[in-house]
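Peer 1: Mind having a look at this structure? Questions to follow.
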Amino acid sequence: MENPSSSFLLLLFLIHVSFPWTTSYSVYETFLQCLAHQTHSKNQVPNIVYTQTNASYTSVLRSYIRNARFNSSSTPKPLLIITPLQESHVQQAVICTKQVGYQLKIRSGGHDFEGISYISDHPFFILDTGNLRSVSVDINEGSAWVDGGATLGEVYYAIWEKSKVHGFPASICPSVGVGGHLSGGGYGNMLRKYGLSTDNVVDAKIVDVKGRILDRKAMGEDLFWALRGGGGASFGVVLSYKIKLVSVPERVTVFRVERVLEENAIDLAYKWQLVAPSTDKNLFMRMLIQSITRNKKKTVRISFVTLYLGGAGSLVSLLAKDFPELGLKKENCLEMSWVDSVLWWYKLNGTSLSPRALLDRELNSAIFLKRKSDYVQKPIPKNSLESLFETLMVLEKTGLVFNPYGGRMSEIPASETAFPHREGNLFKIQYSVNWDEADIELEKNCTSQIRNLYNFMTPFVSKNPRRAYLNYRDLDIGINHHGKDSDDEGEVYGVKYFNENYERLVTVKTMFDPENFFRNEQSIPPQPSVKNRQLTSNSISWKLPGVLFLIYLLLF
């Protein structure tokens with residue numbers, strides 16, 4: 001007869017391995033044992049895994065938290081933070097997280113506006129890719145391989161080091177991480193000339209749910225399509241992208257011109273809608289609208305912030321023809337190199353900075369914020385702009401950023417990549433509100449303001465569905481709890497982010513992650529039949545501790 005003590009030890013081992021949530025320490029030990037087994041080494045493993053008792057845990061967690069709303073003592077914290085130093089560590093982290101049964105959140109720059117790369121209501125780990133930050137530029141080929149944990153500033157700097165006439169179309173914010181930015185679409189002030197960041201991706205490497213490293217050839221065109229605009233975190237861990245560099249002139253032109261309500265701002269705002277999406281594709285002219293106080297009186301200010309891929313004289317002549325109401329003069333313009341224009345746009349104050357400033361990751365730079373988005377397909381009438389300006393003066397804190405489309409964006413078919421918002425869109429709106437302190441009432445007031453403004457804009461924006469931009473993550477438009485209604489919940493936000501591309505994304509998800517290991521509050525769910533099988537499996541697994549306890553009683 002089998003020795004009862006050996007049976008007891010076997011039972012404890014089964015409980016320890018199968019149900020690591022019994023204690024956080026057992027999870028950590030089980031995870032480390034798995035990593036050590038995968039790496040065949042116990043020495044390096046502890047250096048990339050941080051538990052809540054580790055002295056560096058809090059600093060590692062907070063370094064890439066960008067929204068201070070999710071940086072409080074009550075915010076759910078990961079049990080472990082994994083900071084891989086090489087690609088194989090990512091493979092091992094995926095395999096071992098699956099083994100211990102926890103959710104894995106993937107974080108690059110941490111700029112997701114709702115913090116879903118570093119918070120969860122379920123037990124979770126964070127895989128932070130910030131150490132995977134290589135940027136390898138090949139000027140002869142006009143391309144670069146960039147790691148998912150690199151920042152856009154590091155990409156811009158590496159390009160500038162090799163060439164003064166190459167650039168890359170991406171965000172004006174240098175501390176944004178490559179992995180999230182490119183996989184969600186990614187845009188900047190060259191999108192009318194060159195399209196989105198993801199439109200200039202020619203290859204990718206990802207760790208899939210099986211722990212395999214797949215490049216474009218190995219993953220196939222379906223998954224490669226999904227990784228360009230569909231959000232990489234639904235399908236795996238993006239290790240790197242191969243990007244195509246674009247040509248920029250040696251000198252570009254920027255300007256910022258401001259007008260207030262009393263200076264014909266409404267007429268200018270209306271005309272901008274007709275000009276900005278249809279003018280020369282070398283010109284990107286953003287319009288910001290916000291309430292301000294001037295001479296102790298409330299008013300509304302509009303700001304035109306521009307990048308022109310050419311000289312100041314050419315730009316003044318162009319706008320004299322297309323937008324004479326603006327009255328642009330050459331002295332309003334600044335000519336500079338493309339890399340300097342990146343810094344100028346980021347700071348918007350004309351301060352001369354060294355390109356090395358692009359390497360600043362701005363750790364621990366969280367602010368309190370909420371963002372939302374919309375797409376506009378018909379010009380907003382003047383009388384409606386008047387009402388908008390009045391509403392802004394009442395709300396006070398919330399501002400709007402109008403980003404023009406047209407140009408290259410209207411030439412790329414909506415089905416070319418997973419990002420669908422192409423021809424027919426005049427501009428995209430970003431709703432923006434910030435506040436300065438951790439105050440519940442202040443947060444309620446600010447988030448209420450931005451939601452009220454969003455509701456006010458309903459008649460003037462896209463409909464059926466009302467569209468949204470994935471990289472301006474907004475949980476107001478739908479949340480997936482990944483239960484029995486996962487497919488219905490996913491469709492609510494999915495069609496807003498992806499329009500007709502949503503169903504294809506669901507198909508790709510089902511092909512590559514049918515058990516929905518890679519998931520978050522707004523990820524792509526697998527098809528219902530596959531999901532239901534996983535739900536049944538999960539239901540059984542949660543009953544197993546009781547079964548094991550019954551076995552224990554029978555044995556003893």
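The values are calculated or read from the model by the stated rules, or taken from the named source; none is laboratory data. Since the model is a prediction, treat every value here as computed from it, not as a measurement. Note that we place each Cβ from the backbone using ideal geometry, even for glycine, and neighbour counts take in every protein chain shown. Remember, those area values only see protein heavy atoms, side chains included, never the ligands or the DNA or RNA. Shrake-Rupley method; radii C 1.70, N 1.55, O 1.52, S 1.80 Å.
Peer 1: Residue check: is R212 among the basic types (K, R), modelled with pLDDT of 95 or more and out of contact with any Phe, Trp or Tyr (no Cβ under 9 Å at 6 or more places or on another chain)?
Peer 2: Answer is yes for this residue.
Peer 1: In addition: Take region 450-492 and flag every residue that is assigned to a helix (DSSP H, G or I), open to solvent by 50 Å² or more (accessible area, probe 1.4 Å) and either of a type in the set (V, I, T) or in contact with a strand residue (DSSP E or B) (Cβ under 6 Å, 6 or more places away or on another chain) (or both).
Peer 2: T458, V492
Peer 1: I need the full set of residues from region 466-487 which are under 17 Å from N501 (Cα atoms) and in contact with a Phe, Trp or Tyr (Cβ under 9 Å, 6 or more places away or on another chain), in order please.
Peer 2: Across region 466-487, the qualifying residues are R466, R467, A468, Y469, L470, N471.
Peer 1: Continuing with this model, one more query. V275 fails exactly one of the following numbered conditions: (1) touching a strand residue (DSSP E or B) at 6+ places or on another chain (Cβ under 7 Å); (2) closer than 29 Å to K397 by Cβ; (3) modelled with pLDDT of 95 or more. What is the number of that condition?
Peer 2: (1)
Peer 1: May I pose another question? When the residues of region 172-193 are filtered to those that are polar (S, T, N, Q) and buried (at least 24 other Cβ atoms within 10 Å of the Cβ), which remaining residue is farthest from A233 (Cα to Cα)?
Peer 2: Here the answer is N189.
Peer 1: For region 54-145, please list each of the strands (runs of 3 or more DSSP E) lying entirely inside it that holds at least 1 residues being farther than 19 Å from F235 by Cα.
Peer 2: 80-82, 135-138
For (1) of a type in the set (V, I, T); (2) assigned to a strand (DSSP E or B); (3) on the phi < 0 side of the Ramachandran plot, each residue gets a yes or a no:
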| residue | (1), (2), (3) |
| --- | --- |
| Y187 | no, no, yes |
| V202 | yes, yes, yes |
| I206 | yes, yes, yes |
| K210 | no, no, yes |
| A218 | no, no, yes |
| D222 | no, no, yes |
| R228 | no, no, yes |
| V238 | yes, yes, yes |
| R256 | no, yes, yes |
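Peer 1: Quick one: which residue in L79, L132, L85 is open to solvent by 10 Å² or more (accessible area, probe 1.4 Å), under 19 Å from L35 (Cα atoms) and touching an Asp or Glu at 6+ places or on another chain (Cβ under 6 Å)?
Peer 2: L132
Peer 1: Considering region 97-129 alone, what residues qualify as being more than 19 Å from I479 (Cα to Cα), open to solvent by 30 Å² or more (accessible area, probe 1.4 Å) and of a type in the set (D, E, K, R)?
Peer 2: Within region 97-129, K98 is the sole residue that qualifies.
Peer 1: In region 135-146, which residue that is open to solvent by 30 Å² or more (accessible area, probe 1.4 Å) and touching a residue at least 60 places away in the same chain (Cβ under 8 Å) is nearest to E87 (Cα to Cα)?
Peer 2: W145
Peer 1: Also, I was wondering about something else. Quick check on Y64: is it closer than 15 Å to S26 by Cα and not polar (S, T, N, Q)?
Peer 2: no
Peer 1: With respect to S303, determine if the residue is without any contact (Cβ under 8 Å) to a residue 60 or more places away in the chain and assigned to a strand (DSSP E or B).
Peer 2: Here the answer is yes, as S303 does meet what is asked.
Peer 1: Sort through S337, S352 and tell me the only one that's more than 29 Å from F456 (Cβ to Cβ), surrounded by fewer than 14 Cβ atoms within 10 Å (Cβ to Cβ) and in contact with a helix residue (DSSP H, G or I) (Cβ under 9 Å, 6 or more places away or on another chain).
Peer 2: Unique residue meeting the criteria: S352.
Peer 1: Can you tell me which of Y187, Y102, Y157 is aromatic (F, W, Y), more than 20 Å from the chain's Cα centre (by Cα) and under 26 Å from L307 (Cβ atoms)?
Peer 2: It is Y157.
Peer 1: Could you check N383 against (1) out of contact with any helix residue (DSSP H, G or I) (no Cβ under 7 Å at 6 or more places or on another chain); (2) surrounded by 14 or more Cβ atoms within 10 Å (Cβ to Cβ); (3) modelled with pLDDT of 95 or more and say which number it fails?
Peer 2: Of the numbered conditions (1) out of contact with any helix residue (DSSP H, G or I) (no Cβ under 7 Å at 6 or more places or on another chain); (2) surrounded by 14 or more Cβ atoms within 10 Å (Cβ to Cβ); (3) modelled with pLDDT of 95 or more, the odd one out for N383 is (2).
Peer 1: Just the residues that are of a type in the set (K, R) and more than 23 Å from P277 (Cβ to Cβ), please, taken from region 336-391.
Peer 2: K347, R356, R361, K370
Peer 1: Might you check whether a residue that is in contact (Cβ under 8 Å) with a residue 60 or more places away in the chain, open to solvent by less than 10 Å² (accessible area, probe 1.4 Å) and within 30 Å of K98 (Cα to Cα) occurs anywhere in region 149-169?
Peer 2: yes
Peer 1: Which one of these does L196 not meet: (1) open to solvent by less than 40 Å² (accessible area, probe 1.4 Å); (2) touching a Lys or Arg at 6+ places or on another chain (Cβ under 8 Å); (3) under 23 Å from Y346 (Cα atoms); (4) in a loop (DSSP other than H, G, I, E, B)?
Peer 2: Just one mismatch for L196, condition (2).
Peer 1: Looking only at residues that are under 27 Å from N501 (Cβ atoms) and under 22 Å from the mean Cα position of the chain (by Cα) in region 422-449, which one is surrounded by the fewest Cβ atoms within 10 Å (Cβ to Cβ)?
Peer 2: Q430
Peer 1: Then there's this: Assess whether L274 counts as being more than 25 Å from V339 (Cβ to Cβ) and not acidic (D, E).
Peer 2: The answer is yes for L274.
Peer 1: Next question. Please enumerate the residues belonging to region 268-311 that are open to solvent by 60 Å² or more (accessible area, probe 1.4 Å), under 22 Å from P379 (Cα atoms) and in contact with a helix residue (DSSP H, G or I) (Cβ under 6 Å, 6 or more places away or on another chain).
Peer 2: The answer is Y270, K281.
Peer 1: Turning to a different aspect of this structure: How many residues are outside any helix (DSSP H, G or I), modelled with pLDDT under 90 and crowded, with 16+ Cβ neighbours inside 10 Å when one looks only at region 25-50?
Peer 2: Count: 0.
Peer 1: Report, by residue number, each residue of region 234-277 that is within 19 Å of L196 (Cα to Cα) and small (G, A, S).
Peer 2: S240, S247, A276
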